[in-house]
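Heads up, the thing below is written out as C-alpha cells.
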Amino acid sequence: MDFITKDVANEVDIFSNNLRTCALNEQEAFEKQIENMENISQDSDFNAKLEVVGEREPLIAWLEQSKEFFDNQLADRERTINKKINEEWLGIEKQMLNAQYTRNRGIVKEIIETTLEFRKSLKGKMDELRE
C-alpha cells in the first residue's frame with residue numbers, strides 16, 4: 001500500500017512544483033505587462049489575473065497552501081484506506097477463528113462419541129467374557 005501512496009505523493013509534488021513554476025512565470029509575465037500599462041485594457045480578464053497573480057508573496061503563500069491541502073487530502077485517503085484494510089483483516093480473522101472453534105468443537109464431539117462407542121464395545125466384550 002505504501003508504494004501507491006508514495007507514487008501519488010511524488011505525483012502531487014511534481015504537480016505542485018510545476019504549478020508553482022508556471023504560476024511564478026505567469027506572475028513575472030503579468031508584472032512585465034503591468035509595466036507596459038498603455039497596452040492593457042482594464043477588462044474582467046485583466047482584473048481576474050490581477051487578483052490571482054498580482055503580487056508574488058500572496059501567490060507563493062497560496063501555492064504552499066494548495067500543496068499542503070493536497071498532502072492533507074492524500075494523508076486522509078491513506079488513513080481511510082488503512083482503516084478499511086485493518087477492518088477487513090479483523091473480519092477475516094474473526095471469521096477464521098469462528099471456523100476453527102466450530103471445527104474444534106466438532107473434533108471434540110467426535111472424540112467423545114468415539115470414546116463412548118469404544119466404552120460400550122469394551123463393556124459388551126467384558127460382559128460376554130463374564131458369561
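Entry remark, region 65-83: residues being more than 8 Å from the chain's Cα centre (by Cα) and either at pLDDT 90 or above or exposed (fewer than 13 other Cβ atoms within 10 Å of the Cβ) (or both) number 5 in total. Give the residues of region 75-102 that are under 30 Å from Asp7 (Cα atoms) and hydroxyl-bearing (Ser, Thr, Tyr), sorted by residue number. Of everything in region 75-102, just one residue is under 30 Å from Asp7 (Cα atoms) and hydroxyl-bearing (Ser, Thr, Tyr), namely Thr80.
Here Arg119, Arg130, Arg105 are screened, and the one residue that is surrounded by fewer than 10 Cβ atoms within 10 Å (Cβ to Cβ) and farther than 30 Å from Thr5 by Cβ is Arg130.
State whether one or more residues within region 108-116 are of a type in the set (Val, Ile, Thr), part of a helix (DSSP H, G or I) and touching a residue at least 40 places away in the same chain (Cβ under 8 Å). Within region 108-116, none of the residues are of a type in the set (Val, Ile, Thr), part of a helix (DSSP H, G or I) and touching a residue at least 40 places away in the same chain (Cβ under 8 Å).
The values are calculated or read from the model by the stated rules, or taken from the named source; none is laboratory data. Given the structure is predicted, the values throughout are model-derived calculations rather than measurements. Ideal geometry is used to build each Cβ from the backbone, glycine not excepted, and the neighbour counts take in all protein chains shown.
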